[in-house]
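Worksheet for the structure shown next.
The values are calculated or read from the model by the stated rules, or taken from the named source; none is laboratory data. All values reported here derive from a predicted model rather than from experimental measurement. The accessibility values were calculated without ligands, DNA or RNA, using every heavy atom of the protein model including side chains. Shrake-Rupley method; radii C 1.70, N 1.55, O 1.52, S 1.80 Å.
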Amino acid sequence: MRIQFESKISPSYLKALILLCGLLIFGSQQQANAQYYQGDDYQFSREVIQWVSLGKQYMDNGDFQNANIAFRRALATKEVLPYNMAYLFAETLYEIGQYKNAENFTERYLNMTGNSGDYFRQAAALKTKIDNKLKVILDCNFCNALGYRLKPCQDCDGLGTLEQSCPRCHGIGKERCNACNGQGVQISVNQFGLNDYQSCTKCSNSGFATCSMCEGDKHLNGDCPVCLGSAKVPTNQICDHHAH
């Protein structure tokens, strides 16, 4: 007699088995990414690996704006980050024109890894490129130190100064007379030990004299508090270093 056994796998069991296999594959890929980015077997959080991996994918596709967002999400986790992310973020910042920040992260990467880092040669070359960009920015009259285009300050109409109330007399134009100490009369003691009272010639007995700072004008021209006297404020536009 021949007995045939029929094996059946329920759909729910098959679905669970597929999901388990997927998780195992995903976990091995994430571990490989961790070793690739750090250069050792440090166990990074899944969230960190996801954001760093995503940022690297955006870089490979030339999408540095989204790479910038992904790396900043990794920074926002406040967790331990792979050393190599410092270089990847530096390159991303360079590509979007944030050269000062790119310089900071390049130096951070080189300080952490020395000449043994996975991206040492690229970081050294990037540092030279950043230095050249920063030199151009330093010599440019149309942008600030971060490379952002400048425009005239609207608060002071591009003058750099604003008329402000005199800080000494608070806009009154007069201050307490220092000759009579605001008394209106000058008091002295005679040889008999008695007080002598004489009219104060400096303030004409009023007790107040013309303000020594604004000379009675009540206002002074001071540096604009918005542009700090520079007459210009930065925009969010990366400068092309040419006059428009």
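With Cα atoms defining each centre, the stretch 206-244 and the stretch 122-153 are spaced 27 Å apart in the structure.
Sorting Leu93, Leu150, Leu159 by solvent-accessible area of protein heavy atoms yields Leu159, Leu150, Leu93, largest first, with a 1.4 Å probe.
Per-residue SASA remark: Leu220, around 50 Å² accessible (1.4 Å probe; ligands, DNA and RNA not included).
For the stretch 50-161, state the average projected area of the convex hull of the C-alpha atoms over all orientations, rounded to one decimal in nm².
Numbers: hull surface 35.4 nm².
The directionally averaged projection comes out at 8.9 nm².
Beyond 32 Å in Cα-Cα separation lie the following of the pairs Lys78/Lys232; Lys151/Lys174; Lys78/Lys129; Lys100/Lys232; Lys56/Lys133; Lys78/Lys151: Lys78/Lys232; Lys151/Lys174; Lys78/Lys151.
Ligands, DNA and RNA aside, Lys202 has an accessible area near 110 Å² when probed at 1.4 Å.
Taking a straight line from the alpha carbon of Lys218, these aspartates and glutamates sit under 15 Å away, with near neighbours fewer than eight places off in the same chain left out: Glu163, Glu175.
Just by accessible area at a 1.4 angstrom probe, what is the order of Thr92, Thr161 from largest to smallest?
Sorted descending by solvent-accessible area, the residues read Thr161, Thr92.
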